[in-house]
1. Let's test the formula: R0 of 30 Å, r as the Cβ-Cβ distance of LEU217 and GLU97. What FRET efficiency results, to the nearest 0.05?
2. Say each of LYS197 and GLU281 gets a label point 7 Å from the Cα, pointing the same way as Cα to Cβ; how far apart are those two points in nm?
3. Which GluC sites (Glu not before Pro) from segment 166-260 combine a DSSP loop assignment with at most 13 other Cβ atoms within 10 Å?
4. By how many nm would the segment from SER404 to ALA244 grow when fully extended, if each residue of separation counts as 0.36 nm and the alpha-carbon distance is taken off?
5. Which peptide among 392-404, 427-439, 81-93 comes first, and what is the full order, when sorted by highest mean count of other Cβ atoms within 10 Å?
6. Per residue, what accessible area does the chain have, given a 1.4 Å probe and all protein chains present, in Å²?
7. Of ALA150, VAL233, MET220, which is farthest on the positive side of the dipole of segment 146-242, counting Cα position, with +1 on Lys and Arg Cβ, -1 on Asp and Glu Cβ, and the Cα centre as origin?
8. Taking segment 66-134 on its own, what percent of its Cα-Cα pair distances exceed 21 Å?
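The values are calculated or read from the model by the stated rules, or taken from the named source; none is laboratory data. Predicted model, so just to flag it, every value in this text is computed and none were measured. Cβ atoms come from the backbone with ideal geometry, glycine included; neighbour counts cover every protein chain shown. Ligands, DNA and RNA are stripped out before the accessible areas are found, and what is left, the full protein with its side chains, is counted by its heavy atoms. Shrake-Rupley method; radii C 1.70, N 1.55, O 1.52, S 1.80 Å.
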Amino acid sequence: MSATTSEGIRLELDDIQSGALHERPSPYVGTYLLLRIDVRPAGRELVRRLHSVVDSGRPSADPAHDAWVTVGFTYQGLKALGVPEDSLDSFAPEFREGMAARAAELGDVGDSSPANWEKPLGTSDVHVALAALSPDALRLEGVVEKIRSALDGLPGVGLIWRQDCYQLPTGRTSFGFKDGIGQPAVEGSGMPSSNPKEKPLKAGEIILGYPDETGELPPMPTPEVLGRNGTYVVFRKLHTRVAAYRQYLRAKAASREEEALLGAKMVGRWQSGAPLALSPERDDPELGADPQRNNNFLYADDPRGFKCPAGAHARRANPRDSLDRDGSVDVRLHRMIRRGTSYGPLLPEGVLEDDGVDRGIIFVFAGAHLKRQFEFVKTQWLNDGIFIGAPLEKDPLVGPNDGSGSFTIPERPIRRRLQSLPPFVVTRGGEYCFAPGLSAMRWLAELET
Ligand code: HEM
């Protein structure tokens, strides 16, 4: 199977791991597994076996195929497999450094700093990351069983971490919001566009080996067989402080309606997913649930942010056309595929006390450029406010706030400013991975020296 883009480029979907471009099912259950390779030949044998596990998970009209596994390797993992030095050196510098080394830059400080990360996240023990996703527990067990068989009789490879995830009964994430709506369409991927007002991204923004938005081929690991059809994957475990978030809104709002409004202003969407840009006054669950309409908007008609504040999470993370005025920022260079999944139980509605239970989101971002996609969005748009003329403000929901942050809600006749924002999200750990194409997996399995 391959697909041709409008410019005649054939995206080799047969060689691309399906997890890179495949929407996750809804509802879903899944599991993330991390492995360490202690013995090189065992590691290569594992890659050989995983090749067929990944291959069998390609999306198909047959519902039996709806569960799939994605494999990624850390830089340490590629070293453990014996990838030659010149090839290792050809990977993006941020990938080679690893996420823990980028912590200060990314705002992973204090409670979020690697010293406090859940082990083995951020250590050189993490070599292989596997994500298995399925519409139901039975089919998940089927794919996990395939992974178990791949590990069978390979004492030189160890399972060192497992994190299960599943869609909460509300169908939303722990803060109560529908997630996974704003997503770029990618030329040639077959993924439907959710925003007819935005042109699909050039395939090379997400998959290596194809021209990107600049018209160039992005830097790609060598040899070509290793880089082509691969993508970089950002994996983060983010703990959500749901009780603190609810307490904050309760303290700032005079009524439940106002709590919902402030929560929506912070995100840019109502809990149902309805965007403030289309429904600024009140939630509209029908709009939130309608994939034809819930992402069909831009921001240029709201330059002052009266409908959706410029500092709202979703508007920061994808300002759409709102930065086009001076032409200095091309927002399209900072998009990525985003797959969030929930872990931990729901904090029951109405509970304001922390129950001490770990809950949050496993975030996965895929793209061809770690630096100008994930790292740029995190550092320039979520952790900083210079780009919206509010240098002291960080993202109100996911920014590294420390209790002194503020968030401006433009209103007439006078704006409102929320003060003393605490951190609502704590990084528990993460890794930068490279998800190779299927030919690249064969190449890795057949390495000899
Ligand atoms: C626990 C942390 C986070 C939570 C709870 C969260 C929640 C949300 C929610 C509720 C939305 C709106 C719904 C949607 O469009 O899917 C959203 C959108 C988005 N988020 Fe986050 N997010 C988190 C962290 C991040 C991080 C760290 C990044 C990037 C570095 C990010 C990037 C985005 C992007 C790109 C969008 C889509 C914006 C659009 O296209 O309109 N998010 N997020």
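1. Values: r = 23 Å, r/R0 = 0.77.
So the FRET efficiency works out to roughly 0.80.
2. Rounded to a tenth, the inter-label distance reads 2.0 nm.
3. On the way: sites: GLU187, GLU198, GLU205, GLU213, GLU216, GLU224, GLU257, GLU258, GLU259; in loops: GLU187, GLU198, GLU213, GLU216.
Taking segment 166-260 and a limit of 13 other Cβ atoms within 10 Å, the loop GluC sites (Glu not before Pro) found are GLU216.
4. Details: separation 160, 0.36 × 160 = 57.60 nm, distance 1.48 nm.
So the extension gain works out to 56.1 nm.
5. Working: 392-404: 20.2, 427-439: 25.5, 81-93: 15.2.
Top to bottom by mean Cβ count within 10 Å: 427-439, 392-404, 81-93.
6. Details: 18540 Å² over 449 residues.
Per residue, the chain has an accessible area of 41 Å².
7. Toward the positive end, the furthest listed residue is ALA150.
8. On the way: 874 of 2346 pairs.
Summing the P(r) tail past 21 Å for segment 66-134 gives 37 percent.
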